[in-house]
Amino acid sequence: MSSADIYREIILDYYRNPRNYGKIENPDISKKDSNPLCGDELEMHINLKDNKISDVKFTGKGCAISQASASMLTELIMDKDFEFVKELTKEDVLENLGLHDLGPARIKCALLSLKVLKYGIYSYVSEKLKDTASADKIKEEASGLF
Amino acid sequence: MQASVINIKSIRNDFPILKRKVHKDKPLIYFDNAATTQKPIQVIDAISNYYLNYNSNIHRAVHQLAEEATAAYELTRDKVAKFINIKNREEIIFVRGTTEAINLVAYSWGRQNVQKDDIVVTTEYEHHSNIVPWQLLTKEKGAKLEYIGVDDNGELILDQLDAYLDTGRVKLVTFSQMSNVLGTISKSEEIIKKCHQKGVRVLVDAAQSVPHIKVDLQKLDCDFFAFSAHKMLGPTGVGVLWARKDLLESMVPFNGGGDMIREVHKYETTWNDLPFKFEAGTPNIADVIGFSAALDYLDKIGMDKVREHEVELTKYALEQISAVKGIKLYGTPDITKRGGVISFNLGDIHPHDLATIIDEDGVAIRSGHHCAQVLMERLDVSATSRASFYIYNTKEEIDVFIRSLNRARELFRI
Ligand SMILES: Cc1ncc(COP(=O)(O)O)c(C=O)c1O
């Protein structure tokens, strides 16, 4: 897709004024990752209550795509059932961003936030819920993203 | 084409890749030369000619193909010796690239000569390949790694070198002759003189300098010198380590295996003569032969002309880019102190976004940390964009690049 289609007003707005930017004290889920190719960094904090995402925040630095993607992902999962979040796919995330046909290098920027989210959920499911079967499935999805 | 110090039209004709289009119909404008340069047809032909006509392993066999291949491979060594002006051809060691050359020195010379509490001095504008091997070495030995800082003009703060040297504990000073991010040309002769007055060895990372400026090793008088063929029109997978003979003779081999031995017995081996002591195993014969053609190509143009052309382009590019609203440039504005590398940021556009946008216009630049994260920290940025030029680039291409930057600026409403 052309850069005029990628860098729409909404992406620039989320890049410059990211929603849910920041940290949560003692979150239930906390995960950090970076893309070694470009150095983009992302950290996500999540609180759960009654099996729902009760709060989510992120911090990070990187390109407009990675930062807007992270911010829009936090909005997408806020107040949602944990089951819904576990099932999120990369297609869901790209759809939510309105980004299609990104090249192989830039798609990583768009999916870094989902990767961080999936690994965060994986740690939570395996360490706190001790549900190894689901955890393994989530980990496989996360590592398959890119 | 505008008038130039070199015959740009005939040069461009030698590079088949420059005829291709990217993103359907955009002529390729290749400004990522600090990462790797394009290859002229002469280099491509030399490699294919080897595989088509005299492919064979070198040095051992006595048949005709092996003799031809050995002669071509060894001829490259002579050409390298002439290119960097050294007397002893056996001081030229072929390696995979600058990275391997530096690792060879760190492993082989470093482990013999650097001990606990000794100091290795590098600089804040080094490529990771001139930092990480020294971290490995100094950690293993309980030695210290120190950095010469970079001032706001992008130049090394040499007073800091004096202070390190005064400790009497420095064993090696290692620095790049030209920064791959800022383009700064180091005051190499001054650094080397200071070090030698104190009996300290010096390694010069010449990955960015040899391709762009004339170097004369007899004048430079360093101890180790490393560069890569692929940044100077040659193929990937070939690099050069030069070191003084007495040093190479005192060093243990880096790799053990075929070719580097004189006699192998069950528990003891004696080493082959230089340079073979450091060239274990079947080397990258085809690409060393290809490198020969690259050296011929640069020789024919003349390194003074290469530099003159790049100065002209860089001066023009700096003038034009300075006028782009929101631009931030890194490095010295003094053209006599820098090479054809321009690092910059544009407003709050992340370099990866910028590179994506201008790539659509056919302009290939680099974005990221350029394997120089220590420098990024010093500049207090996470990344920069970098345009770097070579002999086939033109002012017309710079005009397209500048227009493209302005398009990016408009997309981001800066
Ligand atoms: C200054 C400098 N040193 C070392 C290197 C490493 O060279 P190579 O990757 O060819 O080993 C580079 C290449 O990027 C460089 O610019």
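Worth pointing out:
- Full extension of the chain between B:Asp348 and B:Glu189 yields a length gain of 53.3 nm, computed as 0.36 nm times the residue separation minus the alpha carbon distance.
- Probe 1.4 Å, all protein chains present, accessible-area order of B:Arg201, B:Arg60, largest first: B:Arg60, B:Arg201
- Taking chain A and dividing mean pair separation by its residue count, relative contact order in percent (alpha carbons under 8 Å, at least six apart): 23
- Annotation: amide H of B:Met232 within the under-5 Å range of B:Thr37, sequence separation 5 or more or interchain, hydrogens built in the peptide plane.
- Computed over chain B: relative contact order in percent, which uses C-alpha pairs under 8 Å that are six or more apart: 23
- Interface between chains A and B: roughly 1400 Å² of accessible area buried, both sides summed (probe 1.4 Å, protein heavy atoms only).
- Screening chain B for whole DSSP H helices of 20 Å or more along their axis (Cα) with average Kyte-Doolittle hydropathy at least 0.5 returns B:285-301.
- Here B:Lys24 and B:Ala323 are evaluated by their C-beta separation; at R0 = 35 Å the FRET efficiency comes out at 0.70.
- Note on chain B: Kirkwood hydrodynamic radius from all Cα pairs is 22.4 Å, rounded to one decimal.
- The mean accessible area for residues of chain B, using a 1.4 Å probe and ignoring ligands and nucleic acids, is 41 Å² per residue.
- Residue-averaged 222 nm ellipticity for chain B, from DSSP H runs of 4+ at -39500 (n - 2.57), nearest 500: -11000 deg cm²/dmol
- Drop in accessible area of at least 30 Å² in the complex versus isolated chain, residues of region A:1-15, 1.4 Å probe: A:Ser3, A:Tyr7, A:Glu9, A:Leu12, A:Tyr15
- Remark: accessible surface ordering of B:His350, B:His59, B:His265 (largest first) is B:His265, B:His59, B:His350, probe radius 1.4 Å.
- Taking the helices alone, chain A has a mean residue ellipticity at 222 nm of -14500 deg cm²/dmol, built from -39,500 (n - 2.57) per DSSP H run of at least 4 residues and averaged over all its residues.
- Legend: distances between Cα atoms for A:Lys31/A:Lys108; B:Lys194/B:Lys305; B:Lys328/B:Lys395; pairs beyond 19 Å are B:Lys194/B:Lys305; B:Lys328/B:Lys395.
- The listed residues A:Lys31, A:Lys128 rank as A:Lys128, A:Lys31 when sorted by accessible area, largest first, using a 1.4 Å probe.
- Cα-based convex hull, region B:14-166, per residue volume (Å³, whole number): 208
- For region A:3-116, the Kirkwood hydrodynamic radius from C-alpha pairs, put into Stokes-Einstein at 4 °C and a viscosity of 1.567 mPa s, yields a diffusion coefficient of 92 µm² per second.
- Heavy-atom accessible surface of chain B: percent carbon and sulfur, 1.4 Å: 50
- Of interest is the spacing of the C-alpha centroids, which for region B:136-171 and region A:32-54 amounts to 38 Å.
- Drop in accessible area of at least 30 Å² in the complex versus isolated chain, residues of region A:100-121, 1.4 Å probe: A:Arg106
- The residues of region A:28-48 listed by number as losing at least 40 Å² of accessible area in the complex, against the isolated chain and with a 1.4 Å probe, are A:Cys38.
The values are calculated or read from the model by the stated rules, or taken from the named source; none is laboratory data. Note that the structure is predicted; figures quoted are calculated from it, not measured. Counting neighbours? That spans all protein chains shown, and the Cβs are built from the backbone with ideal geometry, glycine included. We work out accessible area using only protein heavy atoms, side chains counted, and drop any ligands, DNA or RNA first. Shrake-Rupley method; radii C 1.70, N 1.55, O 1.52, S 1.80 Å.
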